[in-house]
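The values are calculated or read from the model by the stated rules, or taken from the named source; none is laboratory data. Everything quoted here is computed from the prediction, not taken from an experiment. Neighbour counts are summed over all protein chains in view; Cβ atoms, including those assigned to glycine, are modelled from backbone coordinates with ideal geometry.
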Amino acid sequence: MSSQNTSRPAKAVLDPGKARGLQRVTSHDGFFLICALDHLSDFQQLLAKDPSTVDYRMTVEAKLDLIRTLSPEVSAFLLDARFGLAQAILSRALPANIGMMASVEDEDYDHGPGERRTRFRTDWGTRRIKMIGADVCKLLWFYRPEAETAAHQRDVVAKLVEECAALSLPLVVEPIWYPLAGENPKSPEWRKRRVEGIIESALECERQGVDMLKVEFPGYVETEEGRAAAALACKELDAGVSVPWVILSAGVGYDAFKAQVQISCAAGASGFLAGRSIWRDAVSTHEPGARKAAAADAVRRLAELAAVTRAHGRPYAPALDGAALMKAVPEHWNRDWQA
């Protein structure tokens, strides 16, 4: 029996171009069942015992293999410009009925201590993301409101919101809370502040006018007490935003991530946008038979996560009719649209 979350629905996007983009990355019943494959050097490091032997072709072919294998269980893929987007299209590895998100940043997961600034990929941007046929633009966004970089980071989001609006391109932002110099991420105080920060960052994105959120799980699932606290934090996050939101995996173990998806969806999330927790073993296992089995496990994991999402999540499938539709799309609406 489904316990699907149908309380406060997320707002409808009234720009028809953006609405179509979001429709393209959701399932037929309105859920975001998205696999992230926009990883760069960290993906390459998994492909061989000696990462120095991994070249461009090996990386591309590994990503295309995953896309072909996982496509039956996803609504969309999140891909990168270097190893994924054009290659998936021109090889036809990406089926025509599967949506495509594109990351705009140039980031990996290796960072030194201290404040962080978003770094954009050279010769890439929102216009080219729209031109290649991507349905949604994604920004990885490091944010600490007390950091000296905070104003710069807010300006980054504001600029992208404006650019994407001009292109009728939906923007999903992925806020990342990170330790500043001298902070201990293992301390109870930091862990508590991180949960608060995840919620604060989501609310900041809401104020900036983003179309969708890809959020870190605001809590911990190691204990019953932790899961209960996380459920409250997810409800607080949901109450503060009117855009659809999904949970990211951050490379945690699969069982922990499945618990995070259930808790998040029960609070109002509309799905997941996850990578390593699903497919890491299928990439890092180097014996062909074992790799094939790991790939089958990745397919099974996606199917399980989809079932959890559908049982507990809130579908994002806003539709206008009657007077509301006439108000949003009056006759001759196209005269002024994006003029």
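Here is a list of conditions, (1) small (Gly, Ala, Ser); (2) modelled with pLDDT under 95; (3) within 24 Å of residue 37 (Cβ to Cβ); (4) outside any helix (DSSP H, G or I), and residue 317 meets all of them except one; can you say which number that is?
Failed condition: (3).
What tally of residues in the stretch 320-339 results from selecting those that are part of a helix (DSSP H, G or I) and more than 24 Å from residue 212 (Cβ to Cβ)?
Residues in the stretch 320-339 being part of a helix (DSSP H, G or I) and more than 24 Å from residue 212 (Cβ to Cβ): 5 in total.
Just for the stretch 12-31: of the residues that are closer than 14 Å to residue 273 by Cα and among the hydrophobic types (A, V, I, L, M, F, W, C), which one is surrounded by the most Cβ atoms within 10 Å (Cβ to Cβ)?
25
With 289, 251, 322 as the choices, which residue is within 20 Å of the chain's Cα centre (by Cα) and not β-branched (Val, Ile, Thr)?
Being within 20 Å of the chain's Cα centre (by Cα) and not β-branched (Val, Ile, Thr) holds for just one of 289, 251, 322, which is 251.
Among the listed residues 269, 233, identify the single one that is within 22 Å of residue 171 (Cβ to Cβ) and modelled with pLDDT of 95 or more.
Only one candidate passes the filter, namely 269.
I'd like the residue in the stretch 46-64 that is surrounded by 13 or more Cβ atoms within 10 Å (Cβ to Cβ) and among the charged types (D, E, K, R) and, out of all such residues, is nearest to residue 306 (Cα to Cα).
If we take residues in the stretch 46-64 being surrounded by 13 or more Cβ atoms within 10 Å (Cβ to Cβ) and among the charged types (D, E, K, R), then 63 is nearest to residue 306 (Cα to Cα).
Condition check ((1) surrounded by 15 or more Cβ atoms within 10 Å (Cβ to Cβ); (2) over 20 Å from residue 271 (Cβ atoms); (3) touching a strand residue (DSSP E or B) at 6+ places or on another chain (Cβ under 7 Å)) across all residues:
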{"residue": "77", "(1), (2), (3)": "yes, no, yes"}
{"residue": "85", "(1), (2), (3)": "yes, yes, yes"}
{"residue": "90", "(1), (2), (3)": "no, yes, no"}
{"residue": "99", "(1), (2), (3)": "yes, no, yes"}
{"residue": "122", "(1), (2), (3)": "no, yes, no"}
{"residue": "129", "(1), (2), (3)": "yes, yes, yes"}
{"residue": "141", "(1), (2), (3)": "yes, no, yes"}
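I need the full set of residues from the stretch 40-57 which are farther than 20 Å from residue 123 by Cβ and either among the hydroxyl-bearing types (Ser, Thr, Tyr) or in contact (Cβ under 8 Å) with a residue 12 or more places away in the chain (or both), in order please.
The answer is 42, 43, 44, 46, 47, 48, 49, 52, 53.
Has the stretch 69-80 got at least one residue that is within 18 Å of residue 129 (Cβ to Cβ), in a loop (DSSP other than H, G, I, E, B) and not β-branched (Val, Ile, Thr)?
Within the stretch 69-80, one or more residues are within 18 Å of residue 129 (Cβ to Cβ), in a loop (DSSP other than H, G, I, E, B) and not β-branched (Val, Ile, Thr).
Within the set of pairs 6 or more residues apart or between chains, which connect a residue that is touching a residue at least 40 places away in the same chain (Cβ under 8 Å) and farther than 19 Å from residue 265 by Cβ inside the stretch 295-309 to a residue that is assigned to a helix (DSSP H, G or I) and not hydroxyl-bearing (Ser, Thr, Tyr) with Cβ atoms less than 6 Å apart?
295/282; 298/278; 298/279; 298/282; 299/73
With within 16 Å of the chain's Cα centre (by Cα), within 23 Å of residue 117 (Cα to Cα) and either in a helix (DSSP H, G or I) or at pLDDT 95 or above (or both) as the only criterion, which of 200, 206 stands out?
Only one candidate passes the filter, namely 206.
Condition first: out of contact with any helix residue (DSSP H, G or I) (no Cβ under 9 Å at 6 or more places or on another chain) and either closer than 11 Å to residue 69 by Cα or acidic (Asp, Glu) (or both). Now tell me which residues in the stretch 276-297 satisfy that.
Correct list: 287 only.
If a residue has to be part of a helix (DSSP H, G or I) and either touching a residue at least 12 places away in the same chain (Cβ under 8 Å) or within 27 Å of residue 209 (Cβ to Cβ) (or both) to count, how many in the stretch 238-281 make the cut?
22
Out of (1) crowded, with 21+ Cβ neighbours inside 10 Å; (2) modelled with pLDDT under 95, what's the single condition that is false for residue 67?
Going through the list (1) crowded, with 21+ Cβ neighbours inside 10 Å; (2) modelled with pLDDT under 95, residue 67 breaks only (2).
Could you list, in sequence order, all residues of the stretch 172-208 that are at positive phi and of a type in the set (D, E, K, R)?
Scanning the stretch 172-208 gives no hits.
Which residues, taken from the stretch 147-165, are touching a residue at least 24 places away in the same chain (Cβ under 8 Å) and farther than 17 Å from residue 120 by Cβ?
147, 148, 165
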